[in-house]
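These notes are about the structure you will find just below.
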Amino acid sequence: IPNTLAEKELLMIKKIYGTSIDNLFWKNDFRLSALGIAMLDQISGLLKKYSDFKLVIAIHTDNIGSPASNLILSRNQAKAIENYLLSKGINRERLISEGFGSSRPVKSNLSAEDRKENRRLGLFLILE
């Protein structure tokens, strides 16, 4: 449950844009989609408004492909988000990004629907 105004605003952004990697990046790539850019513009504004917070960026994939390639893809996607926010003037010290590949699934990966849920973006605020 979000307990600060900043967390409530982040939750609203996630509800509007979703957290599926499928919506935020081109398929199997780390290039941001138009929707991903729009979401990050909102997050950039949030971080500028609430300058006491750091943002944790966590990218997860499904288990299609090798664990090594999924880890590389997720790390590149996390870095793409970080780089975009840096280009919008967010200080590097306020960003923590990590790609986890397929190592932390929330679903079984047995169906297309489960795999889609595993391809996700986690965003969390930390008060400095």
### Query
Taking segment 73-107, which residues are under 19 Å from residue 128 (Cα atoms) and in contact with a Phe, Trp or Tyr (Cβ under 8 Å, 6 or more places away or on another chain)?
94
### Task
Kindly provide the set of residues from segment 8-18 that are modelled with pLDDT of 95 or more, under 15 Å from the mean Cα position of the chain (by Cα) and surrounded by 13 or more Cβ atoms within 10 Å (Cβ to Cβ), ordered by number.
10, 11, 12, 13, 14, 17
### Message
So in segment 1-42, with the set limited to residues that are in contact with a Lys or Arg (Cβ under 9 Å, 6 or more places away or on another chain) and among the β-branched types (Val, Ile, Thr), which one is nearest to residue 128 (Cα to Cα)?
### Response
19
### Message
Any residue that is in contact with a Ser or Thr (Cβ under 6 Å, 6 or more places away or on another chain) and of a type outside the set (Phe, Trp, Tyr) - is there at least one of those in segment 39-50?
### Response
no
## Note on the structure
Of 22, 41, the only residue that is more than 18 Å from residue 95 (Cα to Cα) and within 14 Å of the chain's Cα centre (by Cα) is 22
#### Entry: Subset of segment 1-28 [within 30 Å of residue 65 (Cβ to Cβ), in a loop (DSSP other than H, G, I, E, B) and without any contact (Cβ under 8 Å) to a residue 40 or more places away in the chain]
18, 26, 27
### Query
Across segment 78-94, what is the total count of residues that are more than 16 Å from residue 36 (Cβ to Cβ) and either of a type in the set (S, T, N, Q) or in contact (Cβ under 8 Å) with a residue 40 or more places away in the chain (or both)?
3
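The values are calculated or read from the model by the stated rules, or taken from the named source; none is laboratory data. All figures in this text were calculated on a predicted structure; none of them were measured in a lab. Because the Cβ atoms are built from the backbone with ideal geometry, glycine has one as well, and the counts that use them run over all protein chains shown.
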